[in-house]
Amino acid sequence: MPTFAEIFAARADDDRTGLLFEDERHTWADVVAAARARAALARRLLDGPGPPHFGVLLDNVPEYVHWIGAAALSGTVLVGVNPTRRGAGLAADIRHTDCRFLVTESRHLPALAGLDLGIPRDRILVVDDPAAPLPLPVSGPDAEPAPGDPLMLLFTSGSTGAPKAVVCSQGRMGVIAERGTALFGIVRDSVTYVAMPLFHGNSVMANLAPAVRAGAAVALRRRFSASGFLPDVRRYGVTYVNYVGRALAYILATPERPDDADNPLVRAFGTEASAPDMADFARRFACEVTESYGSSEGVISIRKTPGCPPDALGRPADGAAVTIRDPETGAECAPAKIDASGRLLNPDEAVGEIVGEGVAALFEGYYANPEADAERLRADGRYYTGDLGYRDPDGFVYFAGRGSDRLRVDGENFAAAPVERILARWPGAAMCAVYPVPDPRTGDQVMAAIEPRSAFDPGAFAAFLAGQRDLGTKWAPRFVREVREMPLTATRKIDKRPLRDEAWRTTDPVWWRPGRELRYVRLGEDDAAALAAEFTRYGRRP
């Protein structure tokens, strides 16, 4: 099994273009040399007791790739810090993963101000600070990490709201790099486009790592831009792009031009785009669009195969055994009955948790989180994904949700509890609940039910949200429902089931954000009808 360190070091004498960023061009030899200098610095800063962990809080800039290479070549562990986290949650992520120094840039310093990171101020390296340049030493010999040694910690979220750092080893990343070249069609002459954030496993595993293995060029975009997508594809000669969630929808929302298909793009690969968006993107930009189901944990992969129904995830890859099991009893669910329109006729019997059979050994665990490990690996030896799904009689698996208290918005997973804790601070709320409602194209939107102390003031509510430093960038509710009395269970806990089932289809007043601005207006009948039509257009049920 190759390690990623071996794969990365193999580019040391490669004078072909490795990284493209804005007006910069770096050969792979340049990239490896830069990574080796940073590897020497990492070894120096991490010398002594404590885990060899360091955090990276950067946009998609060449420094990020240099530090990924530095972790590989030094045998240390890079923690990808999510820049959409805020406040105490951001600080907790860094402390939880035992980061001993942090690499960042000046634009992220305001988010760190006043936080207890558990890192001395002189261990926060600001890569774009001309007054304090990185003290890069002369590079030393590469380390020789074993395949089982950890390389990266990649954050995801669980149903409890506590962040979970997925362990990814040198060997797993090496195998991903090897296999990904064929799976994604990345070859020596490819130019891959990284606009999805590098702190997320999708960009590293479905783009950067295979590109390193193939010696392809990688074009970096600091942050995703729908309007910048096609100009970048043409500027850099991009042949391959990865995406998550609604990225295709945002690109498709830009004005269509007759010459959109005049571009070098060959393939797009990602997760969770709607079938109509995949088809429209392929038509408009004259490329192939493929998807699979997977996660940063890397245990289960489900891929679309010939004959796959448009709304299905596909079948398990590599002959793996995947079952759908009742989350409570563990019993296998019945096959789905689906009518000609694609409607599931027996959801109570068919929907269950997506479970891997005989693949538990592939799970490398969460860092310092045995409770989260236990949610995935149980006494029966199976791997439980935490995702809901169903399977038709032909063996095609369909995605049915992330669980009642988990949301996935724009490709980002998070739990309701942290959002609820923020909303509970609002003086106008006597009680609040947060839950997912379907997005017309893919994933979820955030909806909140609030039992107000007095009449709901949408302007005051928006101003309150704008002032919450720990409100994640995807967390602001899209819909807000005023309830006279919050539905409760017999034990006086909030019962979210009727709230989720009714969503915005209620006689209670509902406020919503029609666009991306933090501004709430009353949801009217015309708005509700337009939403229903959008669901119909993209083949989803509201």
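The values are calculated or read from the model by the stated rules, or taken from the named source; none is laboratory data. All figures in this text were calculated on a predicted structure; none of them were measured in a lab. A quick note on method: Cβ atoms are made from the backbone with ideal geometry, for glycine too, and the neighbour counts reach across all protein chains shown.
For segment 311-333, taking the residues that are assigned to a loop (DSSP other than H, G, I, E, B) and closer than 21 Å to Phe184 by Cβ, the one that is modelled with the lowest pLDDT is identified as Ala320. Residue count for segment 282-329 satisfying the condition of being assigned by TED's automatic domain parsing to the domain that holds Phe396, touching a Pro at 6+ places or on another chain (Cβ under 7 Å) and within 29 Å of Pro264 (Cα to Cα): 0. Tell me whether segment 81-93 contains one or more residues that are crowded, with 19+ Cβ neighbours inside 10 Å, of a type in the set (Val, Ile, Thr), in the same structural domain as Ile68 (by TED's automatic domain parsing) and closer than 15 Å to Leu45 by Cα. The answer is no; no qualifying residue exists. Any residue at all in segment 334-351 that is in a loop (DSSP other than H, G, I, E, B), closer than 26 Å to Pro309 by Cα and at pLDDT 95 or above? Yes - at least one qualifying residue is present in segment 334-351. Filter segment 1-29 down to residues that are part of a helix (DSSP H, G or I) and in contact with a helix residue (DSSP H, G or I) (Cβ under 9 Å, 6 or more places away or on another chain) and give me whichever is surrounded by the most Cβ atoms within 10 Å (Cβ to Cβ). Going through the qualifying residues, I end up with Phe4.
Scanning segment 401-413 turns up one or more residues that are small (Gly, Ala, Ser), part of a strand (DSSP E or B) and free of Cβ contacts under 8 Å to residues at least 60 places away in the same chain.
Looking at segment 209-218, which of its residues are surrounded by fewer than 23 Cβ atoms within 10 Å (Cβ to Cβ) and touching a strand residue (DSSP E or B) at 6+ places or on another chain (Cβ under 6 Å)? Scanning segment 209-218 gives no hits. Scanning segment 1-46 for residues that are small (Gly, Ala, Ser) and in contact with a Ser or Thr (Cβ under 6 Å, 6 or more places away or on another chain) gives Gly18, Ala37, Ala39, Ala40, Ala42. Looking at Tyr243, Tyr236, just one residue is farther than 13 Å from Met196 by Cβ and of a type in the set (Phe, Trp, Tyr), and that residue is Tyr236. The set of residues in segment 123-168 being basic (Lys, Arg) and at pLDDT below 95 consists of Lys164 alone.
For the condition more than 17 Å from Leu57 (Cβ to Cβ) and among the β-branched types (Val, Ile, Thr), what is the one hit in Ile176, Ile124? Working first, answer last.
Numbers: Ile124 fails: more than 17 Å from Leu57 (Cβ to Cβ).
Of the residues listed, the single one that is more than 17 Å from Leu57 (Cβ to Cβ) and among the β-branched types (Val, Ile, Thr) is Ile176.
The residue pairs whose first member lies in segment 328-353 and is among the basic types (Lys, Arg), whose second member is at pLDDT below 90 and in a loop (DSSP other than H, G, I, E, B), and whose beta carbons are closer than 7 Å, counting only pairs six or more residues apart or on different chains, are Lys337/Leu345; Lys337/Asn346.
Residue-wise test of (1) touching a Pro at 6+ places or on another chain (Cβ under 8 Å); (2) surrounded by 13 or more Cβ atoms within 10 Å (Cβ to Cβ); (3) farther than 30 Å from Leu109 by Cα; (4) not β-branched (Val, Ile, Thr).
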position: Pro452; (1), (2), (3), (4): no, yes, yes, yes
position: Ala455; (1), (2), (3), (4): no, no, yes, yes
position: Pro458; (1), (2), (3), (4): no, yes, yes, yes
position: Ala462; (1), (2), (3), (4): no, yes, no, yes
position: Leu471; (1), (2), (3), (4): no, yes, no, yes
position: Trp475; (1), (2), (3), (4): yes, yes, no, yes
position: Leu499; (1), (2), (3), (4): yes, yes, yes, yes
position: Leu518; (1), (2), (3), (4): no, yes, no, yes
position: Arg522; (1), (2), (3), (4): yes, no, yes, yes
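Looking at segment 483-495, is at least one residue closer than 30 Å to Ile338 by Cβ, in contact with a helix residue (DSSP H, G or I) (Cβ under 9 Å, 6 or more places away or on another chain), outside the structural domain of Ala111 (by TED's automatic domain parsing) and surrounded by 15 or more Cβ atoms within 10 Å (Cβ to Cβ)?
Scanning segment 483-495, I find no residue that is closer than 30 Å to Ile338 by Cβ, in contact with a helix residue (DSSP H, G or I) (Cβ under 9 Å, 6 or more places away or on another chain), outside the structural domain of Ala111 (by TED's automatic domain parsing) and surrounded by 15 or more Cβ atoms within 10 Å (Cβ to Cβ), so the answer is no.
Taking segment 270-301 as the range and being among the hydrophobic types (A, V, I, L, M, F, W, C), in contact with a helix residue (DSSP H, G or I) (Cβ under 6 Å, 6 or more places away or on another chain) and either farther than 30 Å from Tyr367 by Cβ or buried (at least 21 other Cβ atoms within 10 Å of the Cβ) (or both) as the test, the residues that pass are Ala273, Phe281, Val289. Scanning segment 454-471 turns up at least one residue that is touching a Leu at 6+ places or on another chain (Cβ under 9 Å), under 30 Å from Asp277 (Cα atoms) and not assigned by TED's automatic domain parsing to the domain that holds Arg85. The set of residues from segment 176-197 being modelled with pLDDT of 95 or more and buried (at least 19 other Cβ atoms within 10 Å of the Cβ) comprises Ile176, Ala177, Gly180, Thr181, Phe184, Ile186, Ser190, Val191, Thr192, Tyr193, Val194, Ala195.
Of all residues in segment 388-407, exactly one satisfies the criterion of being of a type in the set (D, E, K, R), modelled with pLDDT under 85 and crowded, with 22+ Cβ neighbours inside 10 Å, namely Arg406. Counting the residues of segment 346-392 that are farther than 26 Å from Ala312 by Cβ, of a type in the set (Asp, Glu) and under 19 Å from the mean Cα position of the chain (by Cα) gives 1. Total residues in segment 507-542 satisfying the condition of being within 22 Å of Gly443 (Cβ to Cβ) and either among the polar types (S, T, N, Q) or part of a strand (DSSP E or B) (or both): the figure is 4. Where strands (runs of 3 or more DSSP E) fall wholly inside segment 35-118, the ranges with 3 or more residues that are of a type in the set (A, V, I, L, M, F, W, C) are 53-57, 77-80. Sub-6 Å Cβ pairs linking a first residue in segment 207-225 that is over 18 Å from Pro264 (Cα atoms) and in contact (Cβ under 8 Å) with a residue 60 or more places away in the chain to a second residue that is of a type outside the set (A, V, I, L, M) and crowded, with 24+ Cβ neighbours inside 10 Å, at least 6 apart or interchain, are Val212/Phe8, ordered by first then second residue.
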